[in-house]
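Reviewing the structure listed below.
The values are calculated or read from the model by the stated rules, or taken from the named source; none is laboratory data. If you're wondering where the values come from, they're calculated on a predicted model, not measured in any experiment. Ideal geometry is used to build each Cβ from the backbone, glycine not excepted, and the neighbour counts take in all protein chains shown.
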């Protein structure tokens, strides 16, 4: 047994993991304990697993992650805890997991993110917290996660994004915040995320786009679909030099100012349907579509006055539109 590398114990009736269960399995790299009825992991239960890489504990009945339960897992790279009943993570519970790269906690009952839980996860690259009950993120609670590349917080109950929430998470490339209850994002909330490539804010309750996108020079994918947006502040998209795709469909927008897109390199795409467009404000877009510098999904869309977009006459662009840029894809 000392040379065993994979142990599969999933779908049994294990309810407790006791100290000593895995003694002598020092070569084990993968331990599968999913779909049991585990409610308790005793302190030091995994101490002897000196070469473990992956630990599967999903679909059990864990409600607390206690300090000491994960002691000794210094080589662990992936920990799967989804679909438990976790509502509380003790401060220091993950302190032994200094090499952990992937932590999956989706489908649990976590209501807040506190700093003491995550402080030693300095190698973490992916953190999945979707489908919890998160309302609050303590300021600076994630600031030790300076290697984190993907953070999923979709399907929670977050209503506000404050400036300090993601401070120190400097390597983040994908941030998923869709399907929350977000009504306000502070200006500069993402200014530490200069490497962010994808920001997903769809299915929230935002009514305007202000200065919260400042500093996102690497952003290429932005979704603001299915909010309540009726206003875009001047300069909201300025400085987004890498943007390629903007989703604004299913909001309450009526007009779109070409000046807002002056910094976005051509070509790029806009998804705009299911708004209340005054199509005369989109003549700049029609002429850009003709030059293939911008693409949109407004094909059979009906304008506010009842005309269809594909038949809407914008006339000579020199007479009807102001363009702050030249038609160039270079």
Of the residues in the range 132-142, those that are surrounded by 17 or more Cβ atoms within 10 Å (Cβ to Cβ) and out of contact with any strand residue (DSSP E or B) (no Cβ under 9 Å at 6 or more places or on another chain) come to 132
Restricting attention to the range 26-37, the residues that are more than 13 Å from residue 58 (Cα to Cα) and in a loop (DSSP other than H, G, I, E, B) number exactly 4
The residue from 187, 170, 197 that alone is surrounded by fewer than 22 Cβ atoms within 10 Å (Cβ to Cβ) and under 17 Å from residue 242 (Cα atoms) is 197
Here the residues within the range 110-159 that are under 11 Å from the mean Cα position of the chain (by Cα), assigned to a strand (DSSP E or B) and closer than 20 Å to residue 95 by Cα are 126, 127, 128, 151
Note on the range 84-100: residues in a loop (DSSP other than H, G, I, E, B) and surrounded by fewer than 19 Cβ atoms within 10 Å (Cβ to Cβ) are 85, 87, 90, 91, 92, 95, 98, 99
Taking the range 274-295 and keeping only residues that are touching a strand residue (DSSP E or B) at 6+ places or on another chain (Cβ under 8 Å), surrounded by fewer than 20 Cβ atoms within 10 Å (Cβ to Cβ) and within 24 Å of residue 228 (Cα to Cα), one is left with 295
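Yes or no, residue by residue, for (1) within 21 Å of residue 74 (Cα to Cα); (2) surrounded by 15 or more Cβ atoms within 10 Å (Cβ to Cβ); (3) within 32 Å of the chain's Cα centre (by Cα):
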| site | (1), (2), (3) |
| --- | --- |
| 5 | yes, no, no |
| 11 | no, no, yes |
| 31 | yes, yes, yes |
| 38 | no, yes, yes |
| 44 | yes, yes, no |
| 50 | yes, no, no |
| 54 | yes, yes, yes |
| 57 | yes, yes, yes |
Across (1) more than 14 Å from residue 103 (Cβ to Cβ); (2) assigned to a loop (DSSP other than H, G, I, E, B); (3) at pLDDT 95 or above, residue 23 clears everything bar (3)
